[in-house]
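Remarks on the structure that follows.
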Amino acid sequence: MDLAALEKNLKWRGIKLTVLATKEEAADYLAGKIKGKSVGFGGSMTLETMGLYEKLKPQNEVFWHWRQDMPADEAKAKAYLADIYVTSLNGVAETGELINIDGSGNRVAATLTKHEKVYFVVGENKIAPDLHAAIDRARNIAGPLNAQRLHRRTPCAIKADRCYDCKSPERICCSLNILWEKPMQVGECELVLIQEKLGY
């Protein structure tokens, strides 16, 4: 991974890069940056592993459909309208493009709408050399592993080996989003890169 190239390419696209060594450092960093805000979370094993929800909740109003004592659709709607949105990515190209695959579309849609800031939090395993490789990673690594984790009845979930471009009603990769640069409605975008292997 060429960090200098990644930072240069992200900056050219209007996205800040912050590199931290551990998930604990990243959780502390985000807790220091996000105070007194409404915060939406997208589904993410990276955020789960970091314990970020628990870290942010004492000083913010945090909405995450994985944690909320409310219907999932209500939590997703509140997350969509939050001041700050935090999620992960399925692939990051060193050329600067950010890739996400989504089933219901809540996570992808929320990264495109009006927030003060969107934080993308990723482990170093999400980095790929170029756009093609980042898309390939999202489809053939992240998608199958997430389908298997969720016990979906899809061809990819059996071995978690690759995308079969199936037509299963339980398919979780219904949309693919490529961010070429910061969306117009978003105030700021920041990629928080953790030098550990996290999530899928």
**Item:** Residue in region 100-118 that is nearest to the chain's Cα centre (by Cα), counting only those that are among the hydroxyl-bearing types (Ser, Thr, Tyr) and within 16 Å of Gln185 (Cβ to Cβ)
**Value:** Thr111
**Request:** Kindly list, by first and then second residue, each pair from a residue in region 70-98 that is in contact (Cβ under 8 Å) with a residue 24 or more places away in the chain to a residue that is in a strand (DSSP E or B) and basic (Lys, Arg), limited to pairs with Cβ atoms under 6 Å and residues at least 6 apart or on different chains.
**Result:** Ile84/Lys117
**Asked** If only one of Leu145, Leu150 is free of Cβ contacts under 8 Å to residues at least 60 places away in the same chain, over 18 Å from Gly14 (Cβ atoms) and touching a Phe, Trp or Tyr at 6+ places or on another chain (Cβ under 7 Å), which one is it?
**Response** Leu145
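No value in this document is a laboratory result; all are computed from the given coordinates. Keep in mind it's a predicted model, so treat the numbers as computed, not measured. Glycine also receives a Cβ, built like all others from the backbone with ideal geometry; neighbour counts cover every protein chain displayed.
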